[in-house]
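> Structure provided below as structure tokens; questions to follow.
The values are calculated or read from the model by the stated rules, or taken from the named source; none is laboratory data. Just so we're clear, the structure is a prediction, and the values are computed from it rather than from any experiment. Cβ sites come from the backbone with ideal geometry, for glycine too, and all protein chains shown count toward neighbours.
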Amino acid sequence: MSDQVFGKVSDLLNEIESAQPATNEELETFRIRFLGTKNIIKPLFAEIRQVPDSEKKAFGQKLNELKQAARNKYNVCLESLSSNGHEVESSGIDLTLPAGPYEIGARHPVSIVMNEMIEIFQRIGFTVAEDREIEDDWHNFTAMNTPEHHPARDMQDTFYLQGSDKMLLRTHTSSVQARVMTSQKPPIRIIAPGRVFRNETVSARSHCQFHQVEGLYVDKGVSFADMKQTLLYFAREMYGPETKIRLRPSFFPFTEPSAEMDAWLGTDTEVTRRLTKGTGWLEVLGCGMVDPNVLENCGIDSEIYTGYAFGIGIERSAMQKYNISDIRLFFENDNRFLSQFRSVL
Ligand code: DAH
């Protein structure tokens, strides 16, 4: 029964919204039907008795909205009829309709997670350094202890600019380390967020473009223990205060010793199982003590200074955080995907 009453209200609302009184006579008919002393809305107020108590309030609001809609429509039409001095031509376009609401944009999930990482490191004194995506081979590779013909260059399949064997799309944000160290003196404590590119086959797990946050700390007496504690702090801020981490020995040309850090996420959900390949451990970042060659390449005395560096992949953390199972979704610009992040700041 109450469904019927609600149905009546929404039918009337539709009628009001689609009404296009284009002459004074039509407008008067509209007024009598919806706003006159014997208007059609009035008797609906009596029907509130048939509505269950829990819905009475909503029903009352609906009726008031209906009245308001009729009044608005009437006023708008009245104004346009009188200001034109003549009747609105029936062109099929109703210029009196109020403009629709603006669609509010949403932050991209990669930006959300990237900003979260930036804030975590800013709280402990890191500042943001950004630099170019089109890099030269020296900053991307040579300075980072990966000279020409070094086999480690094959670790990252590179996009070179057409007709150039020197200019490329940076394969990692480590290139910003070289930019910063050649232009600033220690102490250096920066993070470098940004987009990187690799010539990889696109699949649900990997893409030819993705994002990293690079970290670099160079000063007198910086140790591996400093790095470990900083990364533990990061993991706990990012994944929760109980998070465990592990460091696995690894190899990167620009650090010695090198490690990869995993965070324990468990295997409770399908996404964590997939992202951790069933192990419960998410590969979060690569890190290590800055290789003395890198310091020297950039004009920093490695007898005096030491440092640590790390590079965090952003997409994987974003996938874990928002239960996203396919990395390609980040780059398709599909509004059905993006608009879901509207409520997240
Ligand atoms: N550049 C590495 C990559 O893209 C990540 C990385 C590893 C960055 C170790 C670092 C580091 O700064 O110390 O795979």
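> Given the criteria surrounded by 14 or more Cβ atoms within 10 Å (Cβ to Cβ) and within 16 Å of the ligand (Cβ to nearest atom), does A106 qualify?
No, not satisfied.
> Failed condition for Y160, given (1) touching a residue at least 24 places away in the same chain (Cβ under 8 Å); (2) closer than 15 Å to D136 by Cβ, with all others met?
Y160 satisfies all of (1) touching a residue at least 24 places away in the same chain (Cβ under 8 Å); (2) closer than 15 Å to D136 by Cβ except (1).
> Among the numbered criteria (1) within 34 Å of the chain's Cα centre (by Cα); (2) away from the ligand (no atom under 13 Å from the Cβ); (3) not hydrophobic (A, V, I, L, M, F, W, C), which single criterion is violated by G288?
(2)
> Looking only at segment 33-50, decide whether some residue is touching a Ser or Thr at 6+ places or on another chain (Cβ under 8 Å) and in the same structural domain as L78 (by TED's automatic domain parsing).
Scanning segment 33-50, I find at least one residue that is touching a Ser or Thr at 6+ places or on another chain (Cβ under 8 Å) and in the same structural domain as L78 (by TED's automatic domain parsing), so the answer is yes.
> Does E260 count as within 13 Å of the ligand (Cβ to nearest atom), among the charged types (D, E, K, R), surrounded by 16 or more Cβ atoms within 10 Å (Cβ to Cβ) and under 21 Å from the mean Cα position of the chain (by Cα)?
Numbers: within 13 Å of the ligand (Cβ to nearest atom): yes; among the charged types (D, E, K, R): yes; surrounded by 16 or more Cβ atoms within 10 Å (Cβ to Cβ): yes; under 21 Å from the mean Cα position of the chain (by Cα): no.
Answer is no for this residue.
> Check segment 52-59 and report whether any residue there is modelled with pLDDT under 90, surrounded by 13 or more Cβ atoms within 10 Å (Cβ to Cβ), closer than 21 Å to P98 by Cβ and under 44 Å from the mean Cα position of the chain (by Cα).
no
> Within segment 232-247, is even one residue within 12 Å of the ligand (Cβ to nearest atom) and not small (G, A, S)?
yes
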